[in-house]
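See below for the structure under consideration.
The values are calculated or read from the model by the stated rules, or taken from the named source; none is laboratory data. Note that the structure is predicted; figures quoted are calculated from it, not measured. Please note: Cβ atoms are built from the backbone with ideal geometry, for glycine as well, and neighbour counts cover all protein chains shown. Note: areas computed on protein heavy atoms with side chains; ligands, DNA, RNA excluded. Shrake-Rupley method; radii C 1.70, N 1.55, O 1.52, S 1.80 Å.
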Amino acid sequence: MSGASAAAAAPAEQELTDGFNLIIDALKLNGLDTIYGVPGIPITDFGRMAQAAGIRVLSFRHEQNAGYAASIAGFLTKKPGICLTVSAPGFLNGLTALAHATTNCFPMILISGSSEREIVDLQQGDYEEMDQLAIAKPLCKAAFRVLHAQDIGIGLARAIRAAVSGRPGGVYLDLPAKLFGQVMDAQKGKQSLVKVIDAAPAQIPAPEAVKRALDVLKSAKKPLIILGKGAAYAQADDAVRNFVEKSGAPFLPMSMGKGLLADTHPQCAGAARSTVLKDSDVVLLIGARLNWLLSHGKGKAWGDAPKKFIQIDIEPKEMDSNVEIVAPVVGDIGSCVTAMLDAMGNGWAKAPVDWLAAVSKKRDENVAKMAPKLMNNNSPMDYHGALGVLRTIVKERPDAILVNEGANALDLTRGIIDMYKPRKRIDVGTWGVMGIGMGYAIGAAVETGKPVLAIEGDSAFGFSGMEVETICRYQLPVCIVIFNNDGIYRGTDVNQSGGADPATTVFVKGSRYDKMMEAFGGVGVNATNPDELKRAVNAAMDSGKPTLINAVIDPAAGSESGRIGNLNPQSALKKKS
Ligand code: ADP
Ligand code: TPW
Ligand code: MG
């Protein structure tokens, strides 16, 4: 057929689009411009095309780390972080991070390629066959599958809304391989896309709820405000600070709530935690759950004095989850705290000064007790000597983001390093999970452009350590400090059978993690005393070069399970060694 007759036979030139392009267009239309993932069938070409279309696509070495990066992107930006994985095994690797995001109330969307429905449903053994939607459902906030190209716009819109509205969480979006290649009319395709308007609508608290809460607060002789990571997530920083200051009450920041008001603020009770939990009479929770991290609001940690709880949370079902909440305030934190501030007016009487004075006294005593320990220059280092210098570095660089995981490496860092700005401390969260380290470091560096300091136990680091290659590949300003005490909790454990295998909690002695970084062109430093550590971290933060510092810690310095040894069941029948 000649060219001329072919043209005559074809209908008027029809512009086409396909699943690949529609997903990319839908993401871009909704301002989702970064994808964290691992390529492979059926999403390899999708990743390439997304990159070509101007989306930043970061390839990881393991999906779990990509998922953690996406989840922390969600926490830091209030937009759902996007993680992209291949079918079955890739999906399962990403699923841990999705479940974790849901538990921590971070918005995230796990997009997974999947194999063909017809074959999966008849269990005929497709390549990487798995009923992913069914498996994801109980582990996340919502799960959707898109079967037709014209539903991609709606599918993504539903995923976005589910992730960020109300209590944020993880959403699974299942995209079968066949969807990507499905072709449709370009104009119709464009019309099928949805730009989500007001994805996380303000949720205004009822005026009666605000009044009830303020009446209880007003009655307090010893009020306490607890600031959780929900308050950090809400990005209502000015309102929260104004409210705390206007109340005059001491405040206790939860781990990732640190820095909403500086840890050095006169009302901060961080270093007088047991005193304020025991002695307070009214406790106002802002974006913090009364879960295990707060001893469920009862028992020894809370003392014998009767307490009244006020709780501000977007999730109504959270109220009374552990103890009675006498004044629930349901709504988004920005709206709730602003409404409380308004209703307090100008004549609000601050919390009794003798209470704040008693708390400050206790805090100052505890801080003074700690101070000399932080100045030691021991070699090998103990945690306090190492953290003494890191604490000053963070003070001098308050914009840096601190990533933190481990046991002793976590608990002591949390207690010792003061934070000065909101959302600068990100860590193991509600599950106390190991493995968030490198994913969070990458996500935080990519989303904020700020330098990242990751303080990692040697065990904790091992869960995501291969991503140092990713950090070097993208040249991210990440400085990793490994508190290397030769193992989990301590490096001194011995095999009680007397056999040749090492004990279950110890690693190769004298490991040089710094060499891992050098393998990929990054900077590696072995630091044996606090002065060396300080020099190396400052150089890394100044240069922005990917750096890993192996900080040699005395293997005997730590304690079992860090600060939560009380949760560790032990056999009464165990043979004494
Ligand atoms: P922490 O571990 O710091 O104590 P949690 O994760 O236990 O904090 O609690 C966070 C709480 O914040 C959750 O109950 C969640 O529903 C709530 N939350 C998250 N975002 C908002 C928001 N924008 N407004 C109100 N509450 C929120
Ligand atoms: C996914 C259990 C809690 S803390 C920890 C483990 C293995 C490591 C502690 O050793 P590290 O710190 O990091 O060297 P340090 O300073 O005390 O020596 N698997 C997962 N999550 C958790 N929490 C564990 C196991 C655990
Ligand atoms: Mg260790």
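Take the residues in region 404-435 that are outside any loop (DSSP other than H, G, I, E, B), hydrophobic (A, V, I, L, M, F, W, C) and within 16 Å of ligand 3 (Cβ to nearest atom); name whichever of them is farthest from Leu98 (Cα to Cα). Spell out the reasoning first.
Step one: of region 404-435, the residues outside any loop (DSSP other than H, G, I, E, B) are 404-405, 408-416, 425-427, 429-431.
Among the residues that remain, those that are also hydrophobic (A, V, I, L, M, F, W, C) are: 409-410, 412, 416, 426, 431.
Filter again for within 16 Å of ligand 3 (Cβ to nearest atom), leaving 409-410, 412.
Numbers: Ala409: 25, Leu410: 23, Leu412: 28 Å.
Across region 404-435, the extreme among qualifying residues is Leu412.
Residues of region 63-79 being open to solvent by 10 Å² or more (accessible area, probe 1.4 Å) and either in contact (Cβ under 8 Å) with a residue 40 or more places away in the chain or not in a helix (DSSP H, G or I) (or both), which ones?
From region 63-79, those open to solvent by 10 Å² or more (accessible area, probe 1.4 Å) are 63-64, 76-79; that's our starting set.
Once the filter is applied, which keeps residues that are open to solvent by 10 Å² or more (accessible area, probe 1.4 Å) and either in contact (Cβ under 8 Å) with a residue 40 or more places away in the chain or not in a helix (DSSP H, G or I) (or both), region 63-79 yields Gln64, Leu76, Thr77, Lys78, Lys79.
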| Selected residue (criterion: nearest to Pro352 (Cα to Cα)) from residues of region 222-236 that are assigned to a loop (DSSP other than H, G, I, E, B) and more than 7 Å from ligand 1 (Cβ to nearest atom) | Lys222
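Free of Cβ contacts under 8 Å to residues at least 60 places away in the same chain, among the β-branched types (Val, Ile, Thr) and open to solvent by 20 Å² or more (accessible area, probe 1.4 Å) - does that describe any residue in region 546-559?
Pass one, region 546-559, residues free of Cβ contacts under 8 Å to residues at least 60 places away in the same chain: none.
No, region 546-559 has no match at all.
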| request: Would you mind telling me which numbered condition in (1) over 30 Å from Ser559 (Cβ atoms); (2) aliphatic (A, V, I, L, M); (3) more than 16 Å from ligand 1 (Cβ to nearest atom) Val337 fails? | output: (3)
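Does region 485-520 hold any residues that are part of a helix (DSSP H, G or I) and crowded, with 18+ Cβ neighbours inside 10 Å, and which are they? Reasoning before the result, please.
In the first step, residues of region 485-520 are kept if they are part of a helix (DSSP H, G or I); the result is 514-518.
Asp514, Met516, Met517, listed by residue number.
Please specify each residue of region 249-259 satisfying the condition of being within 18 Å of Thr413 (Cβ to Cβ) and open to solvent by less than 10 Å² (accessible area, probe 1.4 Å).
Of the residues in region 249-259, the ones within 18 Å of Thr413 (Cβ to Cβ) are 252-259.
Answer for region 249-259, where residues must be within 18 Å of Thr413 (Cβ to Cβ) and open to solvent by less than 10 Å² (accessible area, probe 1.4 Å): Leu252, Met256, Gly257, Gly259.
Out of curiosity, is Arg414 closer than 18 Å to Ala551 by Cα, free of Cβ contacts under 8 Å to residues at least 60 places away in the same chain, out of contact with any His (no Cβ under 6 Å at 6 or more places or on another chain) and open to solvent by 10 Å² or more (accessible area, probe 1.4 Å)? Can you show your working first?
Values: closer than 18 Å to Ala551 by Cα: yes; free of Cβ contacts under 8 Å to residues at least 60 places away in the same chain: no; out of contact with any His (no Cβ under 6 Å at 6 or more places or on another chain): yes; open to solvent by 10 Å² or more (accessible area, probe 1.4 Å): yes.
No, not satisfied.
So that you can scan it fast, the table gives a plain yes or no per residue for (1) open to solvent by 40 Å² or more (accessible area, probe 1.4 Å); (2) in contact (Cβ under 8 Å) with a residue 40 or more places away in the chain; (3) within 22 Å of Ala557 (Cβ to Cβ):
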site: Ala349; (1), (2), (3): yes, yes, no
site: Tyr383; (1), (2), (3): no, yes, yes
site: Lys395; (1), (2), (3): yes, no, no
site: Asn408; (1), (2), (3): no, yes, yes
site: Arg423; (1), (2), (3): no, yes, no
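Do we have Val446 as more than 10 Å from ligand 2 (Cβ to nearest atom), within 28 Å of Ser379 (Cα to Cα), assigned by TED's automatic domain parsing to the domain that holds Arg391 and part of a helix (DSSP H, G or I) here? Walk me through how you get there before you give the answer.
On the way: more than 10 Å from ligand 2 (Cβ to nearest atom): yes; within 28 Å of Ser379 (Cα to Cα): no; assigned by TED's automatic domain parsing to the domain that holds Arg391: yes; part of a helix (DSSP H, G or I): yes.
So Val446 fails the test.
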| query | Cβ-Cβ below 7 Å, separation at least six or inter-chain, first residue in region 475-497 and under 22 Å from Met381 (Cα atoms) and in contact (Cβ under 8 Å) with a residue 40 or more places away in the chain, second open to solvent by 10 Å² or more (accessible area, probe 1.4 Å) and within 16 Å of ligand 1 (Cβ to nearest atom): which pairs? | reply | none
| query | Exactly one of (1) in contact (Cβ under 8 Å) with a residue 12 or more places away in the chain; (2) outside any loop (DSSP other than H, G, I, E, B); (3) open to solvent by less than 60 Å² (accessible area, probe 1.4 Å) is unmet by Arg161. Its number? | reply | (3)
| field | Criterion: modelled with pLDDT of 95 or more and assigned by TED's automatic domain parsing to the domain that holds Gly345 - qualifying residue of Ala305, Ala239 | value | Ala239
| field | Residues being more than 16 Å from ligand 1 (Cβ to nearest atom) and among the aromatic types (Phe, Trp, Tyr) - total across region 392-451 | value | 1
| remark: Just one listed residue, out of Ile480, Ile436, Ile471, is crowded, with 24+ Cβ neighbours inside 10 Å, under 25 Å from the mean Cα position of the chain (by Cα), farther than 14 Å from Asn408 by Cβ and more than 16 Å from ligand 2 (Cβ to nearest atom), and it is Ile471
| What is the number of the single condition among (1) of a type in the set (A, V, I, L, M, F, W, C); (2) within 11 Å of ligand 2 (Cβ to nearest atom); (3) open to solvent by 50 Å² or more (accessible area, probe 1.4 Å) that Val523 does not meet? | (2)
| said: I need every pair where a residue in region 23-50 that is assigned to a helix (DSSP H, G or I) has its Cβ under 7 Å from the Cβ of a residue that is open to solvent by 50 Å² or more (accessible area, probe 1.4 Å), sequence separation at least 6 or different chains. | reply: Ile24/Met49; Leu29/Lys195; Gly47/Pro39
| said: Tell me the residue from Lys195, Lys218, Lys188, Lys246 that is in contact (Cβ under 8 Å) with a residue 40 or more places away in the chain, more than 19 Å from Ala288 (Cα to Cα), open to solvent by 20 Å² or more (accessible area, probe 1.4 Å) and over 30 Å from the mean Cα position of the chain (by Cα), please. | reply: Lys218
| remark: For region 304-330 the number of residues that are in a loop (DSSP other than H, G, I, E, B) and more than 21 Å from the chain's Cα centre (by Cα) is 12
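Does Ala301 satisfy being assigned to a helix (DSSP H, G or I), touching a Leu at 6+ places or on another chain (Cβ under 8 Å), open to solvent by less than 50 Å² (accessible area, probe 1.4 Å) and closer than 20 Å to Thr430 by Cα? Working first, answer last.
Values: assigned to a helix (DSSP H, G or I): yes; touching a Leu at 6+ places or on another chain (Cβ under 8 Å): yes; open to solvent by less than 50 Å² (accessible area, probe 1.4 Å): yes; closer than 20 Å to Thr430 by Cα: yes.
Taking the combined requirement at face value, the residue satisfies it.
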| query | Among (1) crowded, with 20+ Cβ neighbours inside 10 Å; (2) at pLDDT below 95, where does Asn377 come up short? | reply | (1)
